[in-house]
Amino acid sequence: MERTLSIIKPDAVAKGVIGKILDRFESNGLRIAATKKMQLSRADAEAFYAVHSERPFFRDLVDFMISGPVVVSVLEGENAVSKNRKLMGATNPKEAEAGTIRADFAQNIDANAVHGSDSLENAAVEIAFFFSTREIC
Ligand code: ATP
Ligand code: MG
């Protein structure tokens with residue numbers, strides 16, 4: 001059993017597809033162990049995406065992540081990290097496989113609907129960034 005962190009990004013929240021995306025998780029064996037809607041501060045987004053701080057797209061990424069509210073969730077299930085990444089599809093929605101969340105709900109590589117932890121190790125760090133232990137059940 002694994003846990004992973006999911007973020008429904010501002011573009012998908014603005015489109016009104018929170019429920020549709022959460023349904024993808026629940027319909028594919030990922031239990032929602034925690035979830036909340038929140039507005040990230042610039043400091044939150046910069047800290048969360050610190051690994052990308054030297055990349056040319058960092059500023060755009062941070063601006064985008066604070067452009068509106070997000071929904072952060074802890075997903076739990078067998079192989080949750082890779083299962084969520086599979087459900088999400090490729091980072092660039094133009095390359096995302098049909099039927100994936102990004103193919104169905106994302107516009108472009110900046111506004112790409114969802115984030116998902118890319119390893120079990122990062123999942124633990126990202127979950128602790130957003131949730132206290134008593135919020136996860
Ligand atoms: P995420 O971390 O959001 O789940 P990811 O793991 O598929 O996405 P990363 O390589 O971690 O992709 O990049 C983080 C985010 O930065 C991407 O979701 C995307 O919005 C943005 N990004 C990544 N590469 C580029 C790029 N070449 N140009 C513009 N934005 C990019
Ligand atoms: Mg990533």
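The table below lists the values:
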{"item": "In segment 29-43, residue least open to solvent (accessible area, probe 1.4 Å) [restricted to those that are of a type in the set (Lys, Arg) and in contact (Cβ under 8 Å) with a residue 40 or more places away in the chain]", "result": "36"}
{"item": "Positions within segment 26-49 being of a type in the set (Lys, Arg) and more than 17 Å from residue 75 (Cβ to Cβ), in sequence order", "result": "42"}
{"item": "Residue within segment 60-79 that is of a type outside the set (Gly, Ala, Ser), closer than 11 Å to residue 4 by Cβ, out of contact with any Lys or Arg (no Cβ under 6 Å at 6 or more places or on another chain) and in contact (Cβ under 8 Å) with a residue 12 or more places away in the chain present", "result": "yes"}
{"item": "All positions within segment 82-118 that are open to solvent by 10 Å² or more (accessible area, probe 1.4 Å) and closer than 18 Å to residue 33 by Cα", "result": "82, 83, 85, 87, 115"}
{"item": "Residue list for segment 44-81, restricted to those being open to solvent by 70 Å² or more (accessible area, probe 1.4 Å), more than 19 Å from residue 128 (Cβ to Cβ) and within 14 Å of ligand 1 (Cβ to nearest atom)", "result": "54, 55, 56, 57, 59, 60, 67"}
{"item": "Residue among 100, 91 that alone is of a type outside the set (A, V, I, L, M), under 23 Å from residue 14 (Cβ atoms), modelled with pLDDT of 95 or more and within 9 Å of ligand 1 (Cβ to nearest atom)", "result": "91"}
{"item": "Candidates 20, 15, 9 - the one that is within 13 Å of ligand 1 (Cβ to nearest atom) and surrounded by 14 or more Cβ atoms within 10 Å (Cβ to Cβ)", "result": "9"}
{"item": "Restricting segment 42-88 to residues that are closer than 21 Å to residue 121 by Cβ and polar (S, T, N, Q), the residue that is nearest to ligand 2 (Cβ to nearest atom)", "result": "84"}
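The values are calculated or read from the model by the stated rules, or taken from the named source; none is laboratory data. Bear in mind the structure is a predicted one, so any value in this text is a computation, not a measurement. FYI the Cβ positions are ideal-geometry reconstructions off the backbone, even for glycines, and counts take in every protein chain you see. Areas reflect the complete protein model, heavy atoms only, side chains present, ligands, DNA and RNA absent. Shrake-Rupley method; radii C 1.70, N 1.55, O 1.52, S 1.80 Å.
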